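Asks: Following this message is one structure expressed as structure tokens.
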Amino acid sequence: MTRLNQDLRFAMRHLMRSPGFALSAILTLALGIGANLTVFLILYGVILRPLPFPHPEQLMRVARLYPGSGDSPAYAGTKYLVMARTNRSFESMTAYDFFPHGVNLMEENAAVPLQALAVSSNFFHTFEMEPVLGHGFAPEDMQKNAPGVVVLSDATWRHQFNADPNIVGRAITLGNRSYTVVGVANPKFHLDAKADLWVPLQIAESPLDTSNLYNVVGRLKSSVTPAMATEDLKRTLLLRKEAYPNLWQQEESVHVWDFHDSLVGQIKPALNILMGAVGLLLVMVSANILSLLLTRAIARRREMSVRVALGASTWRLLQQTLVENLLLCALGALAGSLLAQLASPALLRLSPIQLPDFVELRLGGIGTSFAAFLAFVCAVLFSVVPVIEAQRGQLNESLRLNPTQVAAGKNRAQRVLVVGEVALSLVLLVGAALLLTSFWKLVHTSAGFEARNVVTFKTSFSEAQTSSTATFGQLLDQLSDRTEALPGVESAAAAINLPTQIVPDFPFDVVGRAANRLDATGDERFIPITSDYFAVMKIPVPSGRGFTKGDNSTSEQVMVVNQAFVKAFFSNENPIGQHLNIAGSMGEDFQEKVRVIVGVVGDTKQQGLDQASPPIMYVPAAQLPDKITRLDNKLLGMSWVVRTKSAQVELANPIRQVFMDTAHVPISGMATLEKVMSDAIAQQRFNMLLLSGFGVIALLLGAAGLYGVMSYTVARQTKEIGVRMALGAKREDILRMVLREAGLLVGVGMIVGLVAALAGGKLLSSILFGVAARDPLTLLVVCGLLLLTGMFSAWWPARRAASVEPMRALRIE
């Protein structure tokens, strides 16, 4: 301990003697460790941290499995009830809506839009998160026409009801229906989707129940494994086939896997790329600091030799150096931890990654341990390499050494570090350039409609308003007409959802087509819209016609398809006048009358700007079966598009008033369609900006490392340069000599970096659009930029070398 205290005091004095070096090293370390800790906190909070439920390892997702097609996590209510009744592996099973649906909390003359999640009666019991006030749901609450009951979230209870301790038993109105509050949820209960309240699912076993709409989650018994549960549920498939043969599909199997993994599986690739990028950044930071420390170690070689001559062992030198670097890295880790505490929430706010509601970011013991681990690894690296490098010299030579006599070839480790920094810079810059090119092409891709001067918002209607498609269609027309009558409005329409947002798929058969033809059946996007939708969006109608208000529940059933649909199913035929039977296999509640195609419209980027335009079936919202109208409104609501005569028209308050006066329905999420489209590419923008930032930092670090090595080399070659110039060498010769050495380092680094970039190109291919992962032009531009930066970094040391006066250099001894 005495020796450790002595080394610590010496380290503090040593750092205080070089405040510039200490400050730059600490800040550089803070950048590297802080960036890695920030991403680690997100990675841990999302993927590694256990779910905030008791015994989360017992929670399993149950999904349908189809060979060659993967999982389908949605189950029909009847299938869930059969599995819950007949399985032997789960303590309990629960079903709940795939998405929360919008409801309106009615308060006097106001309506507050909230998100409700319909769940089975044992929902809270399965997660072992019973309400803190009142209780959950009972099995009788799931019966059809049962009295309405509701469990409030803690946030809704506090914000909407002022944390009323007597809330249990109170009646509230959601839409046009009265509900009794039976409980308030645990404030720690967070699922993958935000819900303001929970209501009971009202489902019953039926041989016609083919609507797969619900998540199914089960809690395993303590002695059961997921594999055992999978085999058990395969047994229930046979029971289900006997009881409901029409619901069982020959190729259908079952998959049971960890509930947490099912929630975060789609987020992992983005976080892995992010972690890889900051990992490379830390390597570059470490290489930069190690290069500086090697310079200091070479300058201190005589000091180290004196210590060896006085009896110090290699371990003793390593111990002293390790204490110095541990102090340096601890200060860097402390600064990095503070940076991560501030950066983590900011990065999440900027990131478009849809994180589950249960995610929590805090430093805690795990984050502190990770920062300490990074600091320790860096300190060991910073200590071992300089000590090994120092041991390469002979003791007698080191004792006689004048620091100005160190030959250029002695700093081999520094050159290796510079080559590594150049290679890593190239890898990050190639990634940034590819994402930048991809994003530019994405932004300039035609979406198939005109987003300028269009305002959007969403509405959710009550069960009474959507109970009949005929009356609901009339309500939509009234709202459209009154919105169009507002000053500055050109046209208004509604659709189940906007382009780039989720819409349902519906199966169909082409009437009159032989069943053995590949294009006789399909399963494509199904979008109910109002009559002016194509006009508002300015989607062209190259053949046939669009919809009119006359296309209602009493008129002929019509539909419009897009050009991608025509290409897929009517490539050699005229689609106008063709008939389709939609949802014929989904049961009587979803069965539509046969529809006739009356028009063809242009393609739109419905799945995202980076995806091909899918085949789409547009149908009038006023012609849907009542069941589909109710289901669409429950799951997605209606999205409205209003085209204004100019961008300066203010519509928020007038539209809000129209919808409240006409339907007593609040609007939510008002934004421009341009903002919606911008949000659709937010992930690509975020990836591009983040990796570009890392690339620029890497470029600067690489340039700084090269500048440091060349400056050190020139300083140590002062006598050699003087001799060369005294023997007739010109300034241009000295300049070329220094630049040639720098060019060699940059060239070797670029070759290594190109090999790494080409090998790792596949990692980026999944997030690129319109550009190959090994695009030659991108590689050429990045190599040129890196070469210019490297030569510019070496120019100043080279210029200084060429300015050396021969006589002054020869007198330096």
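The values are calculated or read from the model by the stated rules, or taken from the named source; none is laboratory data. Worth saying up front: this structure is predicted, and the values here are computed from it rather than measured. Here Cβ is always computed from backbone atoms with ideal geometry, including for glycine, and neighbour counts include all displayed protein chains. Side chains included, ligands, DNA and RNA excluded: accessible areas come from the protein's heavy atoms. Shrake-Rupley method; radii C 1.70, N 1.55, O 1.52, S 1.80 Å.
Asks: Beyond 47 Å, what share of the Cα-Cα pairs of the chain is found? Please give it as a whole percent.
Replies: On the way: 130463 of 330078 pairs.
Distances greater than 47 Å cover 40 percent of the Cα pairs.
Asks: Next question. Taking N as the number of residues in region 416-533, what value does Rg over Cα atoms divided by 2.2 N^0.38 Å take?
Replies: Expressed relative to 2.2 N^0.38 Å, the Cα Rg reads 1.79.
Asks: How far apart, in nm, are the 7 Å Cα→Cβ label points at Leu744 and Lys762?
Replies: Calculated label separation equals 3.6 nm.
Asks: Scattering from the C-alpha atoms of region 652-706 alone, worked out with Debye: what is log10 I(q)/I(0) at q = 0.19, 0.20 1/Å?
Replies: -0.77, -0.80
Asks: Which values of log₁₀ I(q)/I(0), to two decimal places, follow from the Debye formula for region 412-475 at q = 0.22, 0.23 Å⁻¹ with a uniform point scatterer at every Cα?
Replies: Once normalised to I(0) and log-transformed, intensities are -0.96, -0.98.
Asks: Continuing with the same structure: Rolling a 1.4 angstrom probe over the protein heavy atoms, how many square angstrom per residue are accessible across the chain?
Replies: About 45 Å² of surface per residue is accessible.
Asks: To the nearest 20 debye, what is the magnitude of the charge dipole of the chain about its Cα centre, counting +1 on the Cβ of each Lys and Arg and -1 on the Cβ of each Asp and Glu?
Replies: Rounded to the nearest 20 debye, it is 4700 debye.
Asks: Considering the Cα trace of region 154-217, what is its radius of gyration and what is Dmax, both in angstroms?
Replies: 15.0, 45
Asks: For Leu699, what accessible area in Å² do you get when you roll a 1.4 Å probe over the heavy atoms of the protein chains, rounding to the nearest 10?
Replies: 30
Asks: May I pose another question? Order the following by accessible area, largest value first: Ile366, Ile26. Probe radius 1.4 Å; ligands, DNA and RNA are ignored. Could you put the intermediate results ahead of the total?
Replies: On the way: Ile366 80, Ile26 35 Å².
Solvent-accessible surface, decreasing: Ile366, Ile26.
Asks: Name the helices (complete DSSP H segments) of the chain with a Cα length along the long axis of 27 Å or more and a Kyte-Doolittle mean of at least -1.0, or state none. Walk me through the numbers on the way to the answer.
Replies: Values: long enough: 19-43 (35 Å, 1.94); 268-299 (46 Å, 1.66); 314-350 (50 Å, 1.02); 364-391 (41 Å, 1.72); 412-443 (46 Å, 1.55); 682-716 (51 Å, 1.02); 731-759 (42 Å, 1.32); 776-802 (37 Å, 1.20).
The answer, listed by residue number, is 19-43, 268-299, 314-350, 364-391, 412-443, 682-716, 731-759, 776-802.
Asks: Can you pull the Rg over Rh of region 464-576, Cα-only, Kirkwood? List each step's numbers first, then the result.
Replies: On the way: Rg = 16.3 Å, Rh = 16.3 Å.
Answer for region 464-576: 1.00.
Asks: Order the following by accessible area, largest value first: Tyr244, Tyr707. Probe radius 1.4 Å; ligands, DNA and RNA are ignored. Write out the running numbers ahead of the final one.
Replies: Working: Tyr244 35, Tyr707 100 Å².
Final ranking, largest accessible area leading: Tyr707, Tyr244.
Asks: Which of rounded, prolate, oblate describes region 62-105, given a ≥ b ≥ c as roots of the alpha-carbon gyration tensor eigenvalues and a/c under 1.5 marking rounded, otherwise prolate only if a/b is larger than b/c? Before the final figure, lay out the partial values.
Replies: Values: a/c = 2.81, a/b = 1.30, b/c = 2.17.
It is oblate, given that a/c is not under 1.5 and a/b is not larger than b/c.
Asks: Shape verdict for region 580-677, please, from the Cα gyration tensor: rounded (a/c under 1.5), prolate (a/b greater than b/c) or oblate. Could you put the intermediate results ahead of the total?
Replies: Details: a/c = 2.31, a/b = 1.41, b/c = 1.64.
It comes out oblate by the Cα gyration axes.
Asks: Give me the extension gain from Leu518 to Lys188: residue separation times 0.36 nm, minus the current Cα-Cα distance, reported in nm with one decimal. Intermediate values should be presented prior to the final figure.
Replies: On the way: separation 330, 0.36 × 330 = 118.80 nm, distance 5.11 nm.
Contour length minus the Cα-Cα distance gives 113.7 nm.
Asks: Can you sort Lys188, Lys241 by 1.4 Å-probe accessible area, starting with the largest? Walk me through the numbers before you get to the answer.
Replies: Values: Lys188 145, Lys241 85 Å².
Putting Lys188, Lys241 in descending order of accessible area: Lys188, Lys241.
Asks: In deg cm²/dmol, rounded to 500, what helix-only [θ] at 222 nm does the chain give when every DSSP H run of at least 4 residues adds -39500 (n - 2.57) and the total is split over its residues?
Replies: On the way: 25 runs with 398 residues, N = 813.
My calculation for the chain gives -16000 deg cm²/dmol from helical runs alone.
Asks: Among the DSSP beta bridges whose two residues both lie in the chain, what percent are antiparallel, rounded to the nearest 5? Intermediate values should be presented prior to the final figure.
Replies: Numbers: 71 of 89 bridges.
Antiparallel bridges make up about 80 percent of those DSSP assigns within the chain.
Asks: Determine how large the accessible area of Trp440 is when every protein chain is in place; take a 1.4 Å probe and give Å² rounded to the nearest 10.
Replies: 150
Asks: So which of Lys188/Lys675; Lys79/Lys268; Lys605/Lys762; Lys268/Lys627; Lys458/Lys627; Lys645/Lys675 end up more than 27 Å apart, counting from Cα to Cα?
Replies: Beyond 27 Å: Lys188/Lys675; Lys79/Lys268; Lys268/Lys627.
Asks: With a cut-off of 15 Å, note down the residues of region 178-195 whose backbone N falls inside the zone around a label point 7 Å from the Cα of Ala155 toward its beta carbon.
Replies: 185-195, by backbone N distance to the label point.
Asks: For region 102-213, take every pair of Cα atoms, bin their distances at 5 Å starting from 0, and report each bin as a whole percent.
Replies: Values per bin, smallest distances first: 2, 11, 22, 25, 19, 12, 5, 2, 1, 0.
Asks: From zero outward in steps of 10 Å, how is the percent of C-alpha pairs of region 79-150 spread across the bins?
Replies: 16, 41, 33, 8, 2, 0
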